[in-house]
Amino acid sequence: MSNKTFNTAPPNPETFMELLHRIEAKWQKAWEKAKIFEAEPDPKRKKCFVTFPYSYANGPVHVGHAFTATRVDAYARFKLMQGYNVLFPWAWHWTGQTIAGASERVKLGDEEFTRALREIDGVQKADLEKFVDPVYMASYYTNENRQTVRRAGFSIDWRREFHTTMPEFSKFVEWQYKRLREKGYVVKGTHPVVWCPHCESPTGDHDRQEGEGVAPEEYILMKFKYGDAYLPAATFRPETIYGVTNIWLNPDADYVEAEVDEEKWVISEAAANKLKEQKRKIIAVRRFKGKELIGRTATNPIVKQKLPILPAWFVGADHATGVVYSVPAHAPADWLALKDLQQVPNSLREFGVDPAMVKDIMPISMISVEGFGEYPAIEVVDQLGVKDQCDPKAEEATKLLYKKEFHGGVLKENCGEYAGKAVREVKETLSNYLKEKNIADTMYDLPQPVICRCLTPCIVKVLKEQWFLKYSDPAWKDQTKEALSQAEICPETATPWFMSTIDWLKDWPCARKSGLGTPLPWNKEWIIETLSDSTIYMAFYTINKHIKQHRITAQQLVPEVFDYVFYGKGSLDTGCA
Ligand SMILES: [Zn+2]
C-alpha cells in the first residue's frame, strides 16, 4: 500500500471514452514508430498475405466496412502473433460509375442526395460545390476514410496504399489487358448487354443503383395473327402454346402498330423503343391505347383457333412486348385475370364487349404433373390463397408452378407431335422449330428493373463489335477450375458456388464510355470496366512500395517490367533496369 494521500487537487475528470481514445492513440503511435505492420521479405518467417476488397471512395466508410475489415485485422494480428510475416495492405477504388454517378447526382442538384451528404456525412458547403468534379469527390473521401481506417487501428502497411486511377496503377491494368488480348481473351463480339441510355455505356453490377446480378434474358415471342399484322406475345414457356384460351392486353397502356423489319407488329410503345436497341428496324405507324383492341380476335399460330383479346391489368407495357397469351390451366396470373373477368362480367361492357365472351372460357389442360390434377394453376392459386391478379402472391404462385412443371411436367395428348414428352426436353427443340417456321421470334429484356448509378432505368442493347472478356471460352474455364482446385476454400461447401459461376459466366462486356478508369490501351475512347480492372489488384500491393520509394514513374512502367516481376520473364539487363 502506498502512503500517498489524495488531499491535493483531484485528478482531471476524464470520461471513460476519452481514456480509451488516449490509450488507443498511444499504442497506435507506438506501432507506427516500431513499424511492426510494415512487412519486409524475411526468409526466416512464413508469409501470410491478407486482403480486404478496397472500398469505393464515393462516401464515408461505414459500419459494414468495419464489420468485415475487423475480422481481416483480427486474423492478420493472430497470424502475426503466431510468428508469420504478415502483410495487410489497403487501397481505394475510384474507377467505374460509382463515384462518377454520385458526382453526377450532385451536378444535377439531386436534393435528397446532397442533403444526405450535408446532414449525414457532414460535408461542408465549399467541398460539396466541388463534388461536381468526381476526382475531387474521390480524393475528399479517400482522405476522410484514411483517417477513419487509421483511427480504427487496423494493422496496415500504409506504404503500399494506392487508388485505382493512379497512373502507375493504370499501367498495371494496361499490362493485364494487353496480355489478355494477346492470349485471345479480349475479343470483339455482338452480345446483349444491360445498357444505360444516359451514360451510353454497358452498366456493370457495380455501376448499378438497383438490380445487381440482373442479366438480359431472351424471351420467345409467339406471333398470333391479327388481321395483316401479328401480336407477338412474350413467354419463357413455348410449350404452353397448346393451352391458350385468349390474349391479354393492358387496356390503359400505350401500344403501337409498327413495321418491324418486314412485318407488321402490334406491341407496346415501350417494346418498340427497346427493339430499336436490339438491331431491329422499327417504324411506328400508329399509336393507340390497348383498350381499342379489346373484344377483337387473334389466331393461334399452331392450333389455329380464334382467341378473344381481353383486358388484364397485370400485363406491364414495359415488360417484353406488353402482349401476353393466356394459359389459365397452367399460369396462375392468367387464371386470376380470367376469374376476375368472369366474376365481374359487366366490367367488359365499358370496352363495348359482350360479357358472354368470357362466360364460357374454360382452361385447357395440357401438362400433367405429379401432385396436381387437371388445372394446376387453379390449385396453386387456391392453396396459396391468392385473391386476384393484383395480389403480390400471384408471382410466388407463378414461380412455384413454373418450377414444378418445368422439372416434372409431361405434355398431354392434345400437344400434337410433342405429346408424351417431358416439358424440360421439348422446350428448346420446340422454340427452335417455331423460330424456323417464323411462328416465333425473340427479344431481350430484363426480368427485373435495373437502375444505373446516374438514376436512369437501364435497357438491353445488342452491342455490335464491342469488347468482351471471353469468359465463355471452355479452355479458359477449365484452366480457371484447375486453379480453383489448388485453392483451399473455407467453408468447403462454398466450392460448388465458384464452380457453377465459372460454368454460368458468359462473355462479359469489359469497357464503357463514362466514369473514371484506365482507357483500353488499343482503343482509348473506351474505359476498362470497373470489375475488370479490380480482379488482380492485390498483386500491385507487392510492388507499389518500391514504385513509391524509388519514385518510379508511370512512363517507366512498361509491360516488360510487370512481365519481369510477375512472370520472371526477361532480365534486368534487357531494358528493365
Ligand atoms: Zn447511367
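I'd like the residue in segment 497-516 that is more than 15 Å from the ligand (Cβ to nearest atom) and assigned to a loop (DSSP other than H, G, I, E, B) and, out of all such residues, is least open to solvent (accessible area, probe 1.4 Å).
Filtering first and then ranking leaves Cys510.
For residues that are touching a residue at least 40 places away in the same chain (Cβ under 8 Å) and aliphatic (A, V, I, L, M), scanning just segment 540-557, find the one that is most open to solvent (accessible area, probe 1.4 Å).
Ile552
With the structure loaded, tell me whether Arg150 is more than 22 Å from Cys452 (Cα to Cα), away from the ligand (no atom under 16 Å from the Cβ) and among the basic types (Lys, Arg) or whether it fails that test.
yes
Identify the single condition in (1) free of Cβ contacts under 8 Å to residues at least 24 places away in the same chain; (2) farther than 24 Å from Glu263 by Cα that Lys178 does not satisfy, given that it satisfies every other one.
Failed condition: (1).
Suppose we filter Lys274, Lys289 for residues that are out of contact with any Gly (no Cβ under 7 Å at 6 or more places or on another chain) and open to solvent by less than 60 Å² (accessible area, probe 1.4 Å); which single one remains?
Lys274
Among (1) more than 16 Å from the ligand (Cβ to nearest atom); (2) touching a Leu at 6+ places or on another chain (Cβ under 8 Å); (3) open to solvent by less than 30 Å² (accessible area, probe 1.4 Å), where does Val106 come up short?
Only one criterion in (1) more than 16 Å from the ligand (Cβ to nearest atom); (2) touching a Leu at 6+ places or on another chain (Cβ under 8 Å); (3) open to solvent by less than 30 Å² (accessible area, probe 1.4 Å) is unmet by Val106, namely (1).
Go through (1) in contact with a helix residue (DSSP H, G or I) (Cβ under 6 Å, 6 or more places away or on another chain); (2) under 20 Å from Lys545 (Cβ atoms); (3) among the basic types (Lys, Arg) and name the single condition Arg150 misses.
So Arg150 meets the others, but not (1).
Would you point out the residue of segment 415-428, among those that are closer than 28 Å to Ala229 by Cβ and not charged (D, E, K, R), that is most open to solvent (accessible area, probe 1.4 Å)?
For segment 415-428, the residue satisfying everything is Gly416.
Six or more apart or on different chains, Cβ under 7 Å: which pairs go from a residue in segment 431-459 that's under 20 Å from Val324 (Cα atoms) and of a type in the set (Asp, Glu) to one that's part of a loop (DSSP other than H, G, I, E, B) and open to solvent by less than 70 Å² (accessible area, probe 1.4 Å)? Could you list them?
That search, which allows pairs on different chains as well, returns Asp445/Ala320.
List the residue pairs whose Cβ atoms are under 8 Å apart, where the first residue sits in segment 111-132 and is closer than 16 Å to Asn143 by Cα, the second is assigned to a helix (DSSP H, G or I) and among the polar types (S, T, N, Q), and the two are 6 or more positions apart or on different chains.
Leu128/Thr114; Phe131/Ser103
What are the residues in segment 247-262 that are touching a residue at least 40 places away in the same chain (Cβ under 8 Å) and not aromatic (Phe, Trp, Tyr), if any?
Result: Ile247, Leu249, Asn250, Pro251, Asp252, Ala253, Asp254.
Does Thr164 satisfy the condition of being more than 16 Å from the ligand (Cβ to nearest atom), open to solvent by less than 50 Å² (accessible area, probe 1.4 Å) and in contact with a strand residue (DSSP E or B) (Cβ under 8 Å, 6 or more places away or on another chain)?
Here the answer is yes, as Thr164 does meet what is asked.
Do the conditions hold for Tyr84, that is, is it open to solvent by less than 60 Å² (accessible area, probe 1.4 Å), touching a Cys at 6+ places or on another chain (Cβ under 6 Å) and in contact (Cβ under 8 Å) with a residue 12 or more places away in the chain?
It is true that Tyr84 is open to solvent by less than 60 Å² (accessible area, probe 1.4 Å), touching a Cys at 6+ places or on another chain (Cβ under 6 Å) and in contact (Cβ under 8 Å) with a residue 12 or more places away in the chain.
I'd like to check which helices (runs of 4 or more DSSP H) are fully inside segment 50-159 and have at least 3 residues that are basic (Lys, Arg) and at pLDDT 95 or above. Full working, then the answer.
Working: elements: 63-81, 97-107, 111-115, 125-130, 134-152.
Hits in segment 50-159: 63-81.
Specify the residue that is least open to solvent (accessible area, probe 1.4 Å); the eligible residues are those in segment 195-245 that are within 16 Å of the ligand (Cβ to nearest atom) and on the phi > 0 side of the Ramachandran plot.
The qualifying residue least open to solvent (accessible area, probe 1.4 Å) is Gly211.
Of the residues Ala100, Ala138, only one is hydrophobic (A, V, I, L, M, F, W, C), open to solvent by less than 20 Å² (accessible area, probe 1.4 Å), within 27 Å of Glu212 (Cα to Cα) and within 16 Å of the ligand (Cβ to nearest atom); which?
Going through Ala100, Ala138 in turn, the sole match is Ala100.
Test Tyr471 against the criterion of being open to solvent by less than 50 Å² (accessible area, probe 1.4 Å) and touching a helix residue (DSSP H, G or I) at 6+ places or on another chain (Cβ under 9 Å), and give yes or no.
no
Quickly run through segment 441-464 and pick out the residues that are open to solvent by 60 Å² or more (accessible area, probe 1.4 Å) and either within 16 Å of the ligand (Cβ to nearest atom) or under 24 Å from Thr95 (Cβ atoms) (or both).
Selection gives Pro449, Leu455, Pro457.
Show me the helices (runs of 4 or more DSSP H) found entirely inside segment 284-391 where at least 1 residues are under 33 Å from the mean Cα position of the chain (by Cα) and in contact (Cβ under 8 Å) with a residue 24 or more places away in the chain.
Ranges flagged: 332-343, 376-384.
Does at least one position in segment 181-194 carry a residue that is within 16 Å of the ligand (Cβ to nearest atom), farther than 27 Å from Lys279 by Cβ and in a strand (DSSP E or B)?
no
All but one of (1) within 16 Å of the ligand (Cβ to nearest atom); (2) surrounded by 16 or more Cβ atoms within 10 Å (Cβ to Cβ); (3) more than 24 Å from Asn544 (Cβ to Cβ) hold for Thr95, so report the exception by its number.
(3)
Just one of (1) within 24 Å of the chain's Cα centre (by Cα); (2) open to solvent by 30 Å² or more (accessible area, probe 1.4 Å); (3) closer than 30 Å to Tyr75 by Cβ trips up Phe566, so point out which.
(1)
The values are calculated or read from the model by the stated rules, or taken from the named source; none is laboratory data. Computed from a prediction, not measured in an experiment: that's the story for all the values here. Methodologically, a virtual Cβ is constructed for each residue, glycine included, from the backbone with ideal geometry; neighbour enumeration extends over all protein chains shown. When the accessible area is computed, the model is the full protein with side chains, heavy atoms only, and any ligands, DNA or RNA have been set aside. Shrake-Rupley method; radii C 1.70, N 1.55, O 1.52, S 1.80 Å.
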